[in-house]
Amino acid sequence: MRCDKCRRGAVIFQPYSGLHLCEAHFVADFEAKAKRAIRTHHWMKSNDHIAVALSGGKDSSALLWFLKNLTAQRKDITLSAITVDEGIGGYRDPSLAVRIAKSLGTGCLVASFQDEYGVTVDEIVAKKGDSCSCSYCGVLRRSLINRIAREHGVTKLALGFNLDDEAQSVLMNVLRGDANRLIRPQRHIDGMVPRIRPFMYIPEREVALYAHLHVEGFERERCPYAHNALRADVRGVLNDYTSRHPSTKYSLVRLGERFGELGGAAGGEIHACEQCGEPCGASCRSCQILQEVLSNAA
Ligand SMILES: [Zn+2]
Ligand SMILES: [Zn+2]
């Protein structure tokens, strides 16, 4: 197949645009989309310190590469990375993320569940089983990354979520009937470092190709405990449906954004948790989880 723009060999076909693209035109298209997302959301401004939440997987590694190049000429923007070792034996090796950051000339802060919480995900699974491990791990990781980012003066936390992740999340909220999550407004919360998702309009397979073209040595395995049943189902249904209706994932992401705009002032009071100091609502999920997994009564 030939590139529809220059007749060189194509590396990808985009069903939603009907275009075959060569490597150069694919990269140009990809980066234009990520830049447009940043521009339309006003996600980057002078004197920003942007930290990429770097897992060492394809999405966050590709994001670090993209932001590194985007900000190379910007003396007014600082770029760094934060990686968290959740303590998952044989899977998450923080030296992988550190190596990727170093190869891009970016500093990388490393934090671990063991040091911060005194418990690893392996220990949580050994005690509680693995049915809740993804949600527990996610809550604890978000809380830890937010604290590190805030303590280091980070003004924007960059997350590698792609179009598929975002569309799945919206559909999962619909299927669970979770209106509160759908209309959760995008507003500033004291103590919460604002998050940016430059790849949110880019399909997962294109992020994978972009990572493959630019970054060496990223993690290809999935977490051994990652079997969130609902997300796996939703992923399957959505991929099947999208193969016949190519713009579906975009439609869902737009829907999620529209709901967010409708949310207005909804969302309840947020204050700093008396125990851990992180912003939380009526109760602190992160502290609840820690109490649950550290108690002997479990
Ligand atoms: Zn081309
Ligand atoms: Zn707390």
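Trp65 passes every criterion in (1) open to solvent by 50 Å² or more (accessible area, probe 1.4 Å); (2) touching a strand residue (DSSP E or B) at 6+ places or on another chain (Cβ under 6 Å) apart from (2). Considering the range 130-162, the residues that are at pLDDT below 90 and more than 17 Å from Leu290 (Cβ to Cβ) include one that is least open to solvent (accessible area, probe 1.4 Å), namely Asp130.
Within the range 275-290, no residue that is over 20 Å from Asn180 (Cβ atoms) and outside the structural domain of Cys137 (by TED's automatic domain parsing) sits with its Cβ atom under 6 Å from a residue that is more than 8 Å from ligand 2 (Cβ to nearest atom) and among the basic types (Lys, Arg) at 6+ positions apart or across chains. Arg222 fails exactly one of the following numbered conditions: (1) free of Cβ contacts under 8 Å to residues at least 40 places away in the same chain; (2) more than 30 Å from Leu21 (Cβ to Cβ). What is the number of that condition? Here Arg222 clears every test but (2). Taking residues in the range 166-191 that are under 16 Å from Arg231 (Cβ atoms), and partners anywhere that are part of a loop (DSSP other than H, G, I, E, B) and among the basic types (Lys, Arg), the pairs with Cβ atoms closer than 8 Å and at least 6 places apart or on different chains are Glu166/Arg197.
Of everything listed in (1) within 30 Å of Val98 (Cα to Cα); (2) without any contact (Cβ under 8 Å) to a residue 24 or more places away in the chain, the single unmet condition for Tyr210 is (2).
Per-residue answers, yes or no, for (1) modelled with pLDDT of 95 or more; (2) open to solvent by 30 Å² or more (accessible area, probe 1.4 Å); (3) touching a Gly at 6+ places or on another chain (Cβ under 6 Å):
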position: Arg181; (1), (2), (3): no, yes, no
position: Met192; (1), (2), (3): no, yes, no
position: Pro198; (1), (2), (3): yes, no, no
position: Tyr201; (1), (2), (3): yes, yes, no
position: Glu204; (1), (2), (3): yes, yes, no
position: Leu209; (1), (2), (3): yes, yes, no
position: Leu213; (1), (2), (3): yes, yes, no
position: Gly217; (1), (2), (3): no, yes, no
position: Arg222; (1), (2), (3): no, yes, no
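Among the residues making up the range 60-99, those that are over 17 Å from the mean Cα position of the chain (by Cα) and β-branched (Val, Ile, Thr) are Thr71, Ile77, Thr78, Ile88, Val98. Just need a number here: residues in the range 20-54 that are part of a helix (DSSP H, G or I) and open to solvent by less than 20 Å² (accessible area, probe 1.4 Å). Residues in the range 20-54 being part of a helix (DSSP H, G or I) and open to solvent by less than 20 Å² (accessible area, probe 1.4 Å): 5 in total. Residues in the range 98-140 that are out of contact with any helix residue (DSSP H, G or I) (no Cβ under 8 Å at 6 or more places or on another chain) and part of a helix (DSSP H, G or I): Val98, Arg99, Lys102, Ser103, Gln114, Asp115, Asp122, Ala126, Cys134, Ser135, Gly138. Can you find, within the range 10-28, the residue that is farthest from Gly160 (Cα to Cα) among those that are in contact with a Lys or Arg (Cβ under 9 Å, 6 or more places away or on another chain) and more than 9 Å from ligand 1 (Cβ to nearest atom)? Taking the candidates together, the pick is Leu19. Among residues of the range 225-251 that are under 26 Å from Ala126 (Cα atoms) and free of Cβ contacts under 8 Å to residues at least 60 places away in the same chain, those with a beta-carbon under 6 Å from a residue that is of a type in the set (A, V, I, L, M) and open to solvent by less than 40 Å² (accessible area, probe 1.4 Å) at least six positions away or on a different chain give the pairs Leu230/Met172.
The values are calculated or read from the model by the stated rules, or taken from the named source; none is laboratory data. The structure presented is a predicted model; accordingly, all values stated were derived computationally and were not measured. Using ideal geometry, Cβ is built from the backbone for each residue, glycine included, and neighbour counts are taken over all protein chains shown. These area figures cover heavy atoms from the full protein model, side chains too; ligands, DNA and RNA do not enter into them. Shrake-Rupley method; radii C 1.70, N 1.55, O 1.52, S 1.80 Å.
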